[in-house]
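Working notes, structure below.
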Amino acid sequence: AADPVVMSNFVGETLDAAVQYGAKGVLLAGHLGKFVKLAGGIMNTHSREADCRLELLAIHAFRVGAPRELVTAVLAAGLTTEAVRLLKVSGYLNATSKSLLTAMEQAVQSRVRGETEIGILVYTLEDGVLAESQNARDLMRRSIGGGEI
């Protein structure tokens with residue numbers, strides 16, 4: 001079993017260290033308010049580095065067919081919590097979350113260049129798990145020594 005590592009805002013540096021030290025796998029688990037930035041290739045999630053959370057939520061909502069009015073409302077939401085609520089009420093949260101996850105997976109895979117297995121799990125406190133990589137549960141099991149999840 002592996003011990004969890006708290007990475008704070010430094011996703012890119014954490015992935016670099018995982019590769020450098022030969023990690024067999026990494027499960028990134030985080031709140032959508034931080035991890036949405038990964039979908040834009042932003043590997044430092046601190047607000048002073050970049051704050052495009054609503055723009056990324058809006059473009060992925062647009063990609064899955066959300067109407068213009070909803071996309072505009074997401075952009076104007078102010079907080080990811082409000083944007084998620086709008087997407088949930090309108091029925092676009094699941095598809096938007098999956099689209100974001102695909103972009104996150106591409107960005108982190110690009111960072112590690114296939115040198116370690118990466119999984120992602122994204123959640124909100126209000127809604128629980130929004131999206132997870134196909135391998136997320138397996139990586140969790142491996143990290144806790146094969147127990148049930």
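Read-outs: derived from the displayed coordinates by stated rules, not from any lab. Note that the structure is a prediction, hence the values are computed from the model and not measured. So basically every Cβ, Gly included, is an ideal-geometry build from the backbone, and we count neighbours across all protein chains shown.
Report, for the chain, the % of DSSP beta bridges that are antiparallel, rounded to 5. Taking every DSSP beta bridge within the chain, about 40 percent pair in antiparallel fashion. A simple spin-label model places the labels of Asp3 and Arg137 2.9 nm from each other, with each point 7 Å out along Cα-to-Cβ. Angle of helix 80-90 to the longest C-alpha principal axis of the chain, folded into 0 to 90 degrees and rounded to 10: 60°.
In a simple Cβ point-charge model (Lys, Arg +1; Asp, Glu -1; nothing else charged), the chain has a dipole of about 220 debye relative to its Cα centre. Full extension of the chain segment joining Glu115 with Thr72 gains 11.6 nm, where the gain is 0.36 nm per residue of separation less the Cα-Cα distance. Each other residue within a Cβ distance under 12 Å of Arg111 adds +1 if Lys or Arg and -1 if Asp or Glu, for a net charge of -3. With both labels modelled 7 Å from their Cα along Cα-to-Cβ, the Ile144 to Val64 distance reads 2.6 nm.
Taking Gly22, Gly40, Gly30 as the candidate residues, the one with maximal mean-square fluctuation in a Gaussian network model of the chain, Cα springs under 10 Å, is Gly22. The count of lysine pairs in the chain with alpha-carbon distances below 19 Å, taking only pairs 8 or more places apart or on different chains, stands at 4. Please give the Cα centre distance for segment 81-149 versus segment 31-66, rounded to the nearest Å. Segment 81-149 and segment 31-66 have Cα centres separated by 13 Å.
Net charge within 15 Å of Val26 by Cβ-Cβ distance, Lys/Arg positive one each and Asp/Glu negative one each, not counting Val26 itself?
Working: positive: Lys24, Arg111, Arg113, Arg137, Arg141, Arg142; negative: Asp3, Glu13, Asp16, Glu105, Glu115, Glu117, Glu132, Asp138.
Charge balance near Val26 sits at -2.
With axes computed from alpha carbons, what is the tilt in degrees of helix 11-20 against the longest principal axis of the chain, rounded to the nearest 10 within 0 to 90? With rounding to tens, the tilt is 20 degrees.
The trypsin sites (Lys or Arg not before Pro) of segment 103-149 meeting both criteria, a DSSP state outside H, G, I, E and B (loop) and at most 15 other C-beta atoms within 10 angstrom of the site's C-beta, are Arg113.
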